[in-house]
1. For helix 13-29, what angle does its Cα long axis make with the longest principal axis of the chain, in degrees from 0 to 90 and rounded to 10?
2. Once you have the Cα-Cα distance between Thr42 and Val155, take 0.36 nm times their residue separation minus that, and quote the gain in nm to one decimal.
3. Please give, to one decimal in nm, the separation of the simple spin-label points placed at Glu139 and Phe30, each 7 Å out from Cα toward the Cβ.
4. Compute the long axis of helix 109-131 from its Cα atoms, compare it with the longest principal axis of the Cα atoms of the chain, and write down the angle in degrees, 0 to 90, nearest 10.
5. Give me the Kirkwood hydrodynamic radius of the chain in Å, from all C-alpha pairs, to one decimal place?
6. On a 0 to 90° scale, report how tilted helix 138-148 is relative to the longest principal axis of the chain, with both axes built from alpha carbons and the result rounded to the nearest 10.
7. How about the chain: what cysteines have no other cysteine beta carbon under 4.7 Å from their own?
8. Determine ³J(HN,Hα), in whole Hz, for all residues of segment 162-171 in sequence, where each value follows from phi through the Karplus function 6.51 cos²θ - 1.76 cosθ + 1.60 and θ = phi - 60°; x replaces Gly and Pro.
Amino acid sequence: MTAIYVIIKILTFPGAITKAFFEQIMCRIFRCPVEDNRYLRTDEMCGHVEHELIERPVASYMYCLVPGFLNFSLAVSLAWFPLINVVMLGNYTGFVASSALLSKIITEPALVKTVDFLIPFFFVWLCVSLLSNLFPLYEDALVMKEQYGKLNKAVKVIFFPGYIIMRVGAWLEKYSLTFVILAVITFLLAIAKP
């Protein structure tokens, strides 16, 4: 299962790198030493940073939540281009012509057509890459589960929705199901008629 996990992380490397970068920032914020900060590896730590145990309950929760939320926010902001141009407006061409910079660089008609065709796919791949790397490492989710038990009842109620989403998401990501689910959703949206 690790081989499939690593292959998907490599295919979605922009999302894996940004997620690991955000995790490293969270470790710095919470003063948690990072043991290994290689973002792309060939084991189950691919797309994550290896760090010391986070012993504070709120810090553990935030470490699991914030990097995924930042990846999600970045994906949503990048998704506006394909959503508005392609899905809503049905504009599959004219990307090169509408950009002053691209129209100066790319002048050959065949190349213009190719670039116009590939730009929406690039943005969709980038968004799927970011969205398939939202959830914490399964071991981090287990630590969060242990730390969650130490919280008082009022904080548990507030943190419960995020806690459940991260636990389920970590399990899905462990078996590379987040990528499969997003690929199916993207395919269904692509073939759906407006």
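Quick note: the coordinates plus some simple rules give every number you see, no bench work behind them. This is a predicted model, so every value here is computed, not measured. When we count neighbours, we look across all protein chains shown, and the Cβ atoms used for this are built from the backbone with ideal geometry, even at glycine.
1. 40
2. Full extension from Thr42 to Val155 adds 36.9 nm.
3. Placing both labels 7 Å beyond Cα along the Cβ direction yields 1.5 nm.
4. Tilt of helix 109-131: around 10 degrees.
5. Here the Kirkwood hydrodynamic radius works out to 18.3 Å.
6. Rounded to the nearest ten degrees, it is 50.
7. By the Cβ distance rule, which asks for a partner under 4.7 Å, the isolated cysteines are Cys46, Cys64, Cys127.
8. x, 4, 5, 4, 5, 5, 5, x, 5, 5
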